[in-house]
1. Taking the convex hull of the Cα atoms, report for segment 157-216 its projected area averaged over all directions, in nm².
2. Give me the one-decimal nm value for the distance between modelled label points at T222 and V44, 7 Å along each residue's Cα-to-Cβ direction.
3. What is the local net charge at A74, summed over the other residues whose Cβ is closer than 12 Å to its Cβ (Lys, Arg +1; Asp, Glu -1)?
4. Using label points projected 7 Å from each Cα along Cα→Cβ, tell me how many nm separate D104 and Y262, to one decimal.
5. In the neighborhood of A162, defined by Cβ-to-Cβ distances under 12 Å, what is the net charge if each Lys or Arg adds +1 and each Asp or Glu adds -1?
6. For the chain, with only Lys/Arg (+1) and Asp/Glu (-1) charged at the beta-carbon, what is the dipole magnitude about the Cα centre, in debye rounded to 20?
7. Could you give the length gained on full extension between R126 and T177, defined as 0.36 nm per residue of separation minus the Cα-Cα distance, in nm?
8. For the chain, find the longest principal axis of its Cα atoms and tell me its angle to the long axis of helix 73-85, 0 to 90°, nearest 10.
Amino acid sequence: MVQAPDGRYPRRRLLSRGLAAGAALAVPALVGTSAVAATSATKVLATVDMEQVLLACQVDPPKSGTGTTPGAQAHVLAVEQALRAKGLLAAAQTDGHFGTATLDAYAAWQRSLGYEGIDANGVPGRTSLTQLGSGRFDVTRPVAAGSRTDSYGGKRVNTRTADMLRAADGMFSWNLTLTQGSYNPGGDPDSAGTHDGGGVVDISVSSLSTTQRWQTIRALRTVGFAAWLRTPGDGFAYHIHANGISDPDMSRPARNQVHDYYFGRNGLANHAPDNTPEQYRVPLTWWEKYKRG
């Protein structure tokens, strides 16, 4: 936003040198009155924290009831009010809870802008959110997936995910080896659609000790992944499944797993407690928050 002038006039030093005694000093005409009036008429817009909105759009939809995500309610409400003003959301759903009705309304807004497919998944992207807020709110802390054709270890991921993996990889002496990347619709049927969008990878642990596996989980969680060790007891060969929290390209099944992670569960159909030992758990974070320190 452009900062409006404060309406003050600079002090001028009057130089007496060369003035005749008794000479009248010219009084300058008042200036800036129109700027002052414009300033008073300028609308101060609300701010919407995109990071908080994205967190809510992962945590809220699977909930029973309409409880809100702590820290996100006011930001979600501003988005919902804008959707309601466009006739896309009913008053009853304009409540600060980013539930399925809000997802559907936001997807309709994205389609109205000409988006389709993953770009009309109901998850706010920076461009669509900025356009929705025109004249109503400003977007702060934007999140972007980056290029969808980036790669890590030969597997397709977006730029945000690749940056997260590099950061985690730098925390230990072994290397991350991906067995499955992102944007892989119709891939491994055991993945249940979690790899259809962005932000989700599977990582091999076959060469790692048990301690190294848990240390890898901790590093991934530290940089903002919801990460779990999958085991034969879960019905899988040993591997790590990791979802980049708040990736705007993430598929609905993968976002539902983030909901589970938020509440200390395992991200599987049985929603059992997270099997990660306590010493390898970290407070929930996401990539942008991690980078801020």
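No value in this document is a laboratory result; all are computed from the given coordinates. Computed from a prediction, not measured in an experiment: that's the story for all the values here. A quick note on method: Cβ atoms are made from the backbone with ideal geometry, for glycine too, and the neighbour counts reach across all protein chains shown.
1. 4.3 nm²
2. 4.1 nm
3. Result for the local shell: -3.
4. The modelled label-to-label distance comes out at 2.0 nm.
5. It works out to a net charge of +1.
6. 1440 debye
7. Answer, rounded to one decimal: 15.3 nm.
8. Roughly 80 degrees, rounded to the nearest 10.
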